[in-house]
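The values are calculated or read from the model by the stated rules, or taken from the named source; none is laboratory data. Treat the numbers as computed from the prediction; the structure is a model and nothing was measured. Note that we place each Cβ from the backbone using ideal geometry, even for glycine, and neighbour counts take in every protein chain shown. Only protein heavy atoms, including side chains, enter the accessible area calculation; ligands, DNA and RNA are left aside. Shrake-Rupley method; radii C 1.70, N 1.55, O 1.52, S 1.80 Å.
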Amino acid sequence: MPAPPPALEISGLRFAWPAGRRGAGFALAVGELAIARGERVFLHGPSGSGKSTLLALICGILAPQAGEIRLAGAPFSALSAARRDRMRAERLGIVFQMFNLLPYASVLDNVLLPLAFAPERARRVGPDRRAEARRLLAALGLPEAALAAASAARLSVGQQQRVAVARALIGGPEIVVADEPTSALDAGTRAAFMDLLFAQVAAAGATLLMVSHDAGLAARFDRSLALDRIARTEAAA
Amino acid sequence: MILLRLALRSLLNRRLTVALTIFATALSVGLFLGVEKVRTGARSSFADTVSGVDLIVGARSGPVQLLLYSVFRIGNATNNITWESYEDIAAMQGVDWIVPLSLGDSHRGFRVLGTTREYFTRYRYRGGQPLAFAAGGRFDDLFDAVIGADVAAALGYRLGDPLVVAHGLASFSLHDDAPFRVAGILEKTGTPVDRTVHVSLAAIEAIHIDWQSGARASGARLDPDAVRQLELRPQAITAALVGLDSRLGVFRLQRAINDYPEEPLLAVLPGVALQELWSVVGVAETALAGVSAMVVATALLGMAAMILAGLNERRREMAILRAVGARPRVVVGLLLLEAGLISAAGAALGLGTVYGGLAIAQPFLDSAWGLYIPIEAPGAGELGVLAAVVAAGTAAGLIPAWRAYRMSLADGMTVMQ
Ligand SMILES: Nc1ncnc2c1ncn2[C@@H]1O[C@H](COP(=O)(O)OP(=O)(O)O)[C@@H](O)[C@H]1O
Ligand SMILES: [Mg+2]
């Protein structure tokens, strides 16, 4: 029996930001990278080294100028923008560093948001979506009172990050991508957050790719990658 | 569904700016619809003033001028028509009734109209309603006067009060030796009748007996009782209203009057003359409509600017939506939806403003200007305007939507805060 395809494969990837308002231009190239299903991978590198850019490529928000990204053996980066958006909705859950939530929307609506774009995930959740959102939030240790908040903006940063994880996990996506999810948290909440993240990603059977400039977190992961090892980057002078 | 809810909550989150924008839109829409209402109201008020009259006859001048001085008491006749011509017209084939109008005198700023008793039964306003008396009745005596509702209200006249007619329209030379008496007060009509003092044709003659070419003949005094004994036959009148046996004959009769050999006369169909009047004032109306349309456009552009100004703060929102799988067109759609909702709310509130304003102002407009604007369900035209406002507002939303689209593509996953 052949081994199942990796959750994520990258080959010959190249991408460049043009010079503009946000910088003098930046180029990134990744030769080969594969992440197995269920693997928990840590990607670190200094700030400005291109981690977020690589994640945006992996998430299909950016399209590479050369090379390919495949998800579970299926072409991803080669798809049209619309089909990439759909595939991202179905297969990926994304957690940002901060300001993860729509501030005016309720906590539950924030969690349920991806299901509006991912019918498969919505189907997996079943008819009672709100119950599933509540279950996830409870499992992530969000207090019942926080759920009743008029809008997500009322929550503390730590609570917002947990809601973001619930949003990333609802409907069981294959890969959870987290871009410095702990850097806005203080040391105490950070450890608790990591525990909950690992537990729930494992419970969902998802693959985890987390980025941070804090190499100290690396020990908990199956594999740790330094960006400058897997990628060649080039910032214009 | 969740997207509509999100759009609404996003608007609610910015309620102050959004509310101001909605108000601006509502005011502009209200202005536009209000101008339309007043315009159509004015037109139908004018048309209502001459209902039931088939032809207006006067000395030869312009149809609009004839209409204005005879019916609306605006401006003056350049010439009179002789009593002989009047009698000839009255005898023409097809004429059912004819009412003479003799203008030229005034009473404390109100026009005095010399006419016959038939005027009160023939005159029709607002969809064929006849004149009604609030008090008293038609004139019987030579010096009886019937006054309109505004005259009675403005001068505080009651039945039996005396009144003195001035010669000319704004003259101090009073016909003070022939005081009239209020014999009837008419109900409010919302037409120029309200501002008119009606007397008999004979009375008009009577007060001019001792006048020669505008100045009082020296020494002569008028004794009312002696005058009552005289047989007063009018020399000339200003205009006449004509009703026909059958409307089919109207053009034939009109031609006959216009070709009358003894004297240059003009007969006009009130509807046709009104049309001509509207084509004259149409330019001003169009300009007014144009200005209020520009006000609507300004409000909608203001809305687009409001959304545009808020976009930078909302880049995060766009990035989040993109991250959970929303296509760029969803981001565009949300902003268009937002613009559409704001303009729809503005349009609805504007419509409400018009009806609310109308409910308050209707009696006032009617009494002050005789402008009766009915309160009725919005017509196809108004709904069309509202739909156009929503469509134009949504289209204006394309400006911020396009910008958001560009931004969400350029931002990738990280937004610089
Ligand atoms: N949206 C963008 N437009 C242009 N340049 C960008 C954009 N985002 C990032 N960059 C550039 O790419 C480089 C890497 O940024 P980023 O991927 O955010 O790094 P990291 O996440 O490791 O801090 C930076 O030099 C930055 O200027
Ligand atoms: Mg980054």
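Here A:Asp179 clears all of (1) acidic (Asp, Glu); (2) away from ligand 2 (no atom under 16 Å from the Cβ); (3) under 21 Å from A:Leu71 (Cα atoms) except the condition numbered (2).
Look through region A:1-28, keep the residues that are more than 7 Å from ligand 1 (Cβ to nearest atom), in contact with a Phe, Trp or Tyr (Cβ under 8 Å, 6 or more places away or on another chain) and not in a loop (DSSP other than H, G, I, E, B), and return whichever of them is nearest to A:Ala226 (Cα to Cα). Here the answer is A:Leu28. Condition (residue is aromatic (Phe, Trp, Tyr), under 20 Å from B:Ser45 (Cβ atoms) and surrounded by fewer than 18 Cβ atoms within 10 Å (Cβ to Cβ)) applied to region B:67-75: is it met by at least one residue? Yes, region B:67-75 contains at least one residue that is aromatic (Phe, Trp, Tyr), under 20 Å from B:Ser45 (Cβ atoms) and surrounded by fewer than 18 Cβ atoms within 10 Å (Cβ to Cβ). Considering each residue of region A:74-94 in turn, at least one proves to be out of contact with any His (no Cβ under 9 Å at 6 or more places or on another chain) and within 16 Å of ligand 2 (Cβ to nearest atom). The residues of region A:102-114 that are more than 7 Å from chain B (Cβ to nearest Cβ) and open to solvent by less than 10 Å² (accessible area, probe 1.4 Å), listed by number, are A:Val107, A:Asn110, A:Val111.
Examine region B:142-160 for a residue that is in contact with a helix residue (DSSP H, G or I) (Cβ under 7 Å, 6 or more places away or on another chain), in the same structural domain as B:Leu186 (by TED's automatic domain parsing), touching a residue at least 12 places away in the same chain (Cβ under 8 Å) and open to solvent by 60 Å² or more (accessible area, probe 1.4 Å), and state whether such a residue exists. No, the conditions are met nowhere in region B:142-160. Inclusion of B:Ala344 among residues that are more than 19 Å from B:Val35 (Cβ to Cβ) and under 31 Å from the mean Cα position of the chain (by Cα) is warranted.
With respect to (1) touching a Phe, Trp or Tyr at 6+ places or on another chain (Cβ under 8 Å); (2) over 27 Å from A:Ala184 (Cα atoms), the lone exception for A:Gly158 is condition (2). State yes or no: is A:Ala152 over 20 Å from B:Tyr405 (Cα atoms) and away from chain B (no Cβ under 14 Å)? In short, no.
So how many residues does region A:20-69 have that are more than 10 Å from chain B (Cβ to nearest Cβ), within 16 Å of ligand 2 (Cβ to nearest atom) and open to solvent by 40 Å² or more (accessible area, probe 1.4 Å)? Count: 4.
Looking across B:Gly340, B:Gly357, B:Gly350, one residue alone is over 30 Å from A:Ala63 (Cβ atoms), touching a Phe, Trp or Tyr at 6+ places or on another chain (Cβ under 8 Å) and more than 16 Å from ligand 2 (Cβ to nearest atom). It is B:Gly350. Being charged (D, E, K, R), within 14 Å of chain B (Cβ to nearest Cβ) and within 16 Å of ligand 1 (Cβ to nearest atom) is not true of A:Arg83. Consider B:Arg255 carefully, then state whether it is modelled with pLDDT under 90 and either surrounded by fewer than 18 Cβ atoms within 10 Å (Cβ to Cβ) or more than 22 Å from B:Phe72 (Cα to Cα) (or both). For B:Arg255, the condition - modelled with pLDDT under 90 and either surrounded by fewer than 18 Cβ atoms within 10 Å (Cβ to Cβ) or more than 22 Å from B:Phe72 (Cα to Cα) (or both) - is not met.
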